[in-house]
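The values are calculated or read from the model by the stated rules, or taken from the named source; none is laboratory data. These numbers come from a predicted model, not from an experiment. Using ideal geometry, Cβ is built from the backbone for each residue, glycine included, and neighbour counts are taken over all protein chains shown.
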Ligand SMILES: Cc1cc2nc3c(=O)[nH]c(=O)nc-3n(C[C@H](O)[C@H](O)[C@H](O)COP(=O)(O)OP(=O)(O)OC[C@H]3O[C@@H](n4cnc5c(N)ncnc54)[C@H](O)[C@@H]3O)c2cc1C
């Protein structure tokens, strides 16, 4: 496996589970290549503190009998079934019989002047830590107009979740007499904030208003310079003085996907069939954000841990089945939910591709807490049987929530 995010970790555990079920543990080795020794629960990067959210990989891979190779994969030779990896400046090649590409996605960074140099992000654990370290320095900075202004650009789910957290987080950091200076702005080029959130859209707007997040729909980021940024609405430009600009402009599949001889989808993803096999590339599977499956037979999967985890469980299982000439399992998920955290206000829970509002506020927040704190984690017991039970190739039922109509 390449990558120990949601898709990679669960594919490795699922492959190890299948080997045990087949009583063939001695006939194949499951190895996972990941640059860090931990599994980053990326969906929580808008939260703080983050260290307690990490899973040390050896605590899960050890009991499951999976070998961790702490390195970065740099190239894939799918013709000769070989992957090149790098660690501490040294490179090495690994031969494989079956490979699962699960290297995830990266934040899209268009060539906007100053974006690379002056923006923060919550795309990775490192990025989120850098943002928090910066926020902690604000009280020591000169008292400029934008010292306590944070602008989040991009109001997809990530941007909304972060913007909802920031007012409270900043108020905790600044001195009491400066708390009134805290200003959080959420900007997006779409006509309305949370435009794609269906029935939850007005609820999200209302929640952000309550949290005193200023909303700037219909604007694009033009440039930033370390003291502020320029937003453009198609006709005029507006400057906002801000010491903190966080870019949440969407995700693109990891560049490793482009090394496979396939036609990538517009998000740079590898097309896979219902068994998670990369189309036309023998021996290669792909899962998570770097793969595109028709998740219910019709709709493309969404870059999400909601889809990444089951894709991983099926890919791991199927890679072992394929290796031993056994029948593989098709993946099909007939439900889709979105649970968006709205900081101290609560959360919203929607059901279906048209995002029908099911619950909101503290009710939805309770569900979000269960997801972020339990559902997406491997068992903490460290017991092999528990880990393998969780790694079985089955589709979970949607996260339970108390429905608004029953309240
Ligand atoms: C702030 C935030 C909030 C989110 N909220 C939600 C949410 O509420 N619900 C939801 O479903 N999704 C959410 N997402 C999206 C979700 O995090 C991703 O879809 C999910 O992490 C994808 O899982 P993955 O395993 O494909 O990739 P990742 O989790 O990104 O894991 C990829 C792994 O591959 C490793 N890797 C990368 N390159 C290499 C390489 N060259 N060699 C070896 N290893 C490599 C990485 O270090 C990482 O460990 C959120 C994302 C963010 C950033």
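Out of 64, 28, I need the residue that is over 18 Å from residue 311 (Cβ atoms) and surrounded by fewer than 21 Cβ atoms within 10 Å (Cβ to Cβ). Which one?
28
Only residues that are near the ligand (Cβ under 10 Å from one of its atoms), at positive phi and part of a loop (DSSP other than H, G, I, E, B): list them for the range 284-330, please. Outline the logic, then answer.
At the first step, the residues of the range 284-330 found to be near the ligand (Cβ under 10 Å from one of its atoms) are 286-291, 301-309, 311-312.
Right, trim to at positive phi and you get 288.
None; the set is empty.
Which of the residues belonging to the range 36-61 are under 16 Å from residue 6 (Cβ atoms) and either assigned by TED's automatic domain parsing to the domain that holds residue 161 or buried (at least 20 other Cβ atoms within 10 Å of the Cβ) (or both)?
Of everything in the range 36-61, those that are under 16 Å from residue 6 (Cβ atoms) and either assigned by TED's automatic domain parsing to the domain that holds residue 161 or buried (at least 20 other Cβ atoms within 10 Å of the Cβ) (or both) turn out to be 39, 40, 41, 42, 43, 44, 45, 53, 57, 60, 61.
Only one of 253, 207 is in contact with a strand residue (DSSP E or B) (Cβ under 9 Å, 6 or more places away or on another chain), within 16 Å of the ligand (Cβ to nearest atom) and either over 30 Å from residue 139 (Cα atoms) or at pLDDT below 95 (or both). Can you tell me which?
253
Kindly provide the set of residues from the range 107-152 that are touching a strand residue (DSSP E or B) at 6+ places or on another chain (Cβ under 9 Å) and free of Cβ contacts under 8 Å to residues at least 24 places away in the same chain, ordered by number.
130, the sole residue that qualifies.
Taking the conditions exactly as written (free of Cβ contacts under 8 Å to residues at least 12 places away in the same chain, more than 30 Å from residue 312 (Cβ to Cβ), assigned to a helix (DSSP H, G or I) and more than 17 Å from the chain's Cα centre (by Cα)), does residue 168 satisfy them or not?
no
Would the range 390-399 turn up any residue that is over 19 Å from residue 307 (Cβ atoms) and surrounded by 15 or more Cβ atoms within 10 Å (Cβ to Cβ)?
No, the conditions are met nowhere in the range 390-399.
Scan the range 252-265 and give yes if some residue there is closer than 16 Å to residue 11 by Cα and in contact (Cβ under 8 Å) with a residue 40 or more places away in the chain, otherwise no.
No, the range 252-265 contains no residue that is closer than 16 Å to residue 11 by Cα and in contact (Cβ under 8 Å) with a residue 40 or more places away in the chain.
In the list 51, 88, 95, which residue meets the criterion of being in contact with a strand residue (DSSP E or B) (Cβ under 9 Å, 6 or more places away or on another chain), more than 12 Å from the ligand (Cβ to nearest atom), over 20 Å from residue 254 (Cα atoms) and without any contact (Cβ under 8 Å) to a residue 40 or more places away in the chain?
Exactly one of 51, 88, 95 is in contact with a strand residue (DSSP E or B) (Cβ under 9 Å, 6 or more places away or on another chain), more than 12 Å from the ligand (Cβ to nearest atom), over 20 Å from residue 254 (Cα atoms) and without any contact (Cβ under 8 Å) to a residue 40 or more places away in the chain, namely 95.
If residue 333 satisfies all but one of (1) assigned to a loop (DSSP other than H, G, I, E, B); (2) in contact (Cβ under 8 Å) with a residue 60 or more places away in the chain; (3) more than 13 Å from the ligand (Cβ to nearest atom); (4) touching a helix residue (DSSP H, G or I) at 6+ places or on another chain (Cβ under 7 Å), what's the number of the condition it fails?
Of the numbered conditions (1) assigned to a loop (DSSP other than H, G, I, E, B); (2) in contact (Cβ under 8 Å) with a residue 60 or more places away in the chain; (3) more than 13 Å from the ligand (Cβ to nearest atom); (4) touching a helix residue (DSSP H, G or I) at 6+ places or on another chain (Cβ under 7 Å), the odd one out for residue 333 is (3).
Please find, among 370, 401, the residue that is more than 28 Å from residue 101 (Cβ to Cβ) and in a loop (DSSP other than H, G, I, E, B).
None of the other options fit; the residue is 401.
Within the range 62-85, which residues are under 24 Å from the mean Cα position of the chain (by Cα) and within 13 Å of the ligand (Cβ to nearest atom)?
68, 69, 70, 71, 72, 73, 74, 75, 76, 85
Looking at (1) assigned to a helix (DSSP H, G or I); (2) under 13 Å from residue 149 (Cβ atoms), which one does residue 186 not meet, given that it meets all the others?
The number of the failed condition is (1).
Given the residues 176, 161, 165, 172, which is the only one that is buried (at least 18 other Cβ atoms within 10 Å of the Cβ), out of contact with any strand residue (DSSP E or B) (no Cβ under 6 Å at 6 or more places or on another chain) and under 29 Å from residue 342 (Cα atoms)?
Sole residue among the options that is buried (at least 18 other Cβ atoms within 10 Å of the Cβ), out of contact with any strand residue (DSSP E or B) (no Cβ under 6 Å at 6 or more places or on another chain) and under 29 Å from residue 342 (Cα atoms): 165.
Where in the range 193-261 are there strands (runs of 3 or more DSSP E), lying wholly inside it, with at least 3 residues that are over 26 Å from the mean Cα position of the chain (by Cα)?
On the way: elements: 213-216, 220-224, 228-232, 237-241, 244-247, 251-253.
Result: 228-232, 237-241.
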